[in-house]
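Accompanying notes for the structure given below.
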Amino acid sequence: MLQRKRKKASKLSRLLEIPNEVSGNEPKVVITGFNELIIENYKGILEYEDFYVRVNTYIGIININGFNLELKQMSDEAVCVKGKIESIDIETNMEEEER
Amino acid sequence: MVVKVLFYYIAGYIRITVEGYFIERFINICTQKNILLWNTKTIGTTIMKTNISISDFRKLHVIAKKTKCRIKIKEKKGLPFFFERYKKRKILAILLVILIATMIIISNFVWNIQIECDGEINKDEIQAILEKNGLKIGALKEELDTSKIARSIRYEREDIAWVGVSFKGTNAIVELIKAEQKPEIIQENEYCSIISDKEGIITKINVQNGTAAVKVGDLIKNGTTLVNGWLQGKYTGIRYVHAMADIEAKVWYSQKRRVYKTQNIEVSTGRQEKKYGLKLNNFEINFYKTLSKFENYDTIIETKKIKLFSDFYIPIELKTIQNYEKEKQMVTYTLEELKENNISQMEKEIEQEIGQKENIVNKQINFNEQDTYVDIEIIYEVIESIGTKEKIVF
């Protein structure tokens, strides 16, 4: 039921060409330079250490590796990570892929 | 979010350390409850430093209990904490109030009068007029009527075209614009004759209207009538006219000077000393005790009003006294040196008097050497157009 509703909404938004991160729950990852990274539409932080940040989103998990990582600003809609970023990898949820 | 952080600086924020095994959970709960955390940093795996606002800090102990974290306050920042620190210092607050009160009281008076004018208007005379009308140092600003003062200046002085009086801070600015003095113009239909305004010898006279009273080669003095303002016919009698003529005359300008061969000259030795003092109306405080160590010296006293801002003068003056040491010397000059020193200076003075250099015809320098002094005379011969019109009064 819920899934169907979501699909309908995405159909409408596709028609109106509304970006995905606005209409749905898909995260938007913006990297500015190599030192700053902003993730919008995130769910929560799974792990947070000096060299490793694991951010949970609605469609998967984003891992950030680096040094001296700081959570510069944090609110319910966006998180800003600052520090020397070395690599980013993404783990997609299995159920999302099936859909 | 930047605006929010800036707002929290004004509202006050706290830097805390959170210690526990479930820091990530703690962060997630905070974001869920709309608590803003910023500048988060971990130290090791169990300790986290972060900033949080005061109002959000009160909600924090519930979350801390839930996640089994310990919270410690590290720093308190922002304006509320800043004021809190100075609350206990009562004397400082009282002094601050007194300072502000005196500033307000002082700003009601005029402490400086600035007269701005172009040209050579005597500032002391203007100041005297201003003082008569109540605008003086120490006057209450509210009691002064600027337009009335401006009117009274214009009433008393005819050579001023426009006066503006305005206050800027504790500074009264009086702006003056000088009126151009117009020569008395004699109308074309009025009768007049031409008289001389200089001494000289006539070189050219060309009468268009009227009767010439002098001829070429005549020696004229100041006030001699050059052209009479009437025509005389055999049968018509005397008919008065508006005299017009081109008259040129050779005019001499001369300058004499007696220069002594041995002169007493005071030469500055280059040594100087500076002294300071404060002046409050008529009350003076000097920061020095001793008299000057020089025997012969020139003194320059400068007083400067102290101002806080560009136009906020306060009634205290800073006085600087500069003493320049001097030495008396007897100098004997030769004739050549005297000539060199004086002639160019005299020439400049004469040329300033003449104005137009093209008209100079001849230049003569005379010397008369005596035992102790030399007389120098410089004569310039200049051809100038002369004559001013004067109304005929019946």
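The values are calculated or read from the model by the stated rules, or taken from the named source; none is laboratory data. Every value quoted in this text rests on a predicted model; they were computed, and no experiment measured them. With ideal geometry, Cβ positions are generated from the backbone for all residues, glycine too; neighbour counts draw on all protein chains shown.
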Going through B:Ala161, B:Ala139, B:Ala128, B:Ala179 one at a time, which residue ends up being crowded, with 18+ Cβ neighbours inside 10 Å and over 30 Å from B:Trp252 (Cα atoms)? B:Ala139
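Listed here are the residues, each with its yes/no results for (1) assigned to a loop (DSSP other than H, G, I, E, B); (2) in contact with a His (Cβ under 6 Å, 6 or more places away or on another chain); (3) within 24 Å of B:Val393 (Cα to Cα).
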| residue | (1), (2), (3) |
| --- | --- |
| B:Lys148 | no, no, no |
| B:Arg151 | no, no, no |
| B:Arg154 | no, no, no |
| B:Gly164 | no, no, no |
| B:Ala172 | no, no, no |
| B:Lys182 | yes, no, yes |
| B:Ile185 | yes, no, yes |
| B:Ile194 | no, no, yes |
| B:Asp197 | yes, no, yes |
Positions within segment B:1-27 being surrounded by fewer than 21 Cβ atoms within 10 Å (Cβ to Cβ), out of contact with any helix residue (DSSP H, G or I) (no Cβ under 6 Å at 6 or more places or on another chain), within 9 Å of chain A (Cβ to nearest Cβ) and modelled with pLDDT of 85 or more, in sequence order: B:Glu24
I need the full set of residues from segment B:28-49 which are facing another protein chain (nearest Cβ under 8 Å) and touching a Ser or Thr at 6+ places or on another chain (Cβ under 6 Å), in order please. B:Leu36, B:Leu37, B:Thr40, B:Met48
Filter segment B:367-394 for residues that are modelled with pLDDT under 80, surrounded by fewer than 12 Cβ atoms within 10 Å (Cβ to Cβ) and closer than 19 Å to B:Ser196 by Cα and give the result. B:Val393
Please work out which residue is nearest to B:Glu24 (Cα to Cα), limiting yourself to segment B:70-129 and to residues that are among the polar types (S, T, N, Q) and touching a residue at least 60 places away in the same chain (Cβ under 8 Å). B:Ser107
Note on segment B:86-131: residues part of a helix (DSSP H, G or I), touching a Phe, Trp or Tyr at 6+ places or on another chain (Cβ under 9 Å) and of a type outside the set (Val, Ile, Thr) are B:Leu92, B:Ala93, B:Met103
May I ask you to verify whether B:Tyr240 is surrounded by 15 or more Cβ atoms within 10 Å (Cβ to Cβ) and either closer than 30 Å to B:Val374 by Cβ or hydroxyl-bearing (Ser, Thr, Tyr) (or both)? yes
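Scan segment B:327-340 and give yes if some residue there is among the polar types (S, T, N, Q), over 40 Å from the mean Cα position of the chain (by Cα), outside any loop (DSSP other than H, G, I, E, B) and closer than 27 Å to B:Thr262 by Cα, otherwise no.
Looking through segment B:327-340, at least one residue is among the polar types (S, T, N, Q), over 40 Å from the mean Cα position of the chain (by Cα), outside any loop (DSSP other than H, G, I, E, B) and closer than 27 Å to B:Thr262 by Cα.
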Quick test of your reading of the structure: B:Ile247 fulfils all but one of (1) β-branched (Val, Ile, Thr); (2) closer than 30 Å to B:Glu351 by Cβ; (3) exposed (fewer than 15 other Cβ atoms within 10 Å of the Cβ). Name the failing condition by number. (3)
For B:Tyr253, the lone unmet condition from (1) surrounded by fewer than 16 Cβ atoms within 10 Å (Cβ to Cβ); (2) in contact (Cβ under 8 Å) with a residue 12 or more places away in the chain; (3) aromatic (Phe, Trp, Tyr) is (1)
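Quick check: is even one residue across segment A:44-58 more than 21 Å from B:Leu37 (Cβ to Cβ) and under 15 Å from the mean Cα position of the chain (by Cα)?
Yes.
Taking only segment B:358-394 into account, find how many residues are closer than 30 Å to B:Trp230 by Cβ and not in a strand (DSSP E or B).
5
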Looking at segment B:33-43, is at least one residue aromatic (Phe, Trp, Tyr), in contact with a Lys or Arg (Cβ under 9 Å, 6 or more places away or on another chain), in contact (Cβ under 8 Å) with a residue 12 or more places away in the chain and surrounded by fewer than 16 Cβ atoms within 10 Å (Cβ to Cβ)? no
For segment A:25-99, list the strands (runs of 3 or more DSSP E) that sit wholly inside it and hold at least 3 residues that are surrounded by fewer than 18 Cβ atoms within 10 Å (Cβ to Cβ), more than 9 Å from chain B (Cβ to nearest Cβ) and out of contact with any helix residue (DSSP H, G or I) (no Cβ under 7 Å at 6 or more places or on another chain); which are they? A:28-32, A:60-74, A:78-92
So how many residues does segment B:51-67 have that are surrounded by 12 or more Cβ atoms within 10 Å (Cβ to Cβ) and over 20 Å from A:Lys43 (Cα atoms)? 10
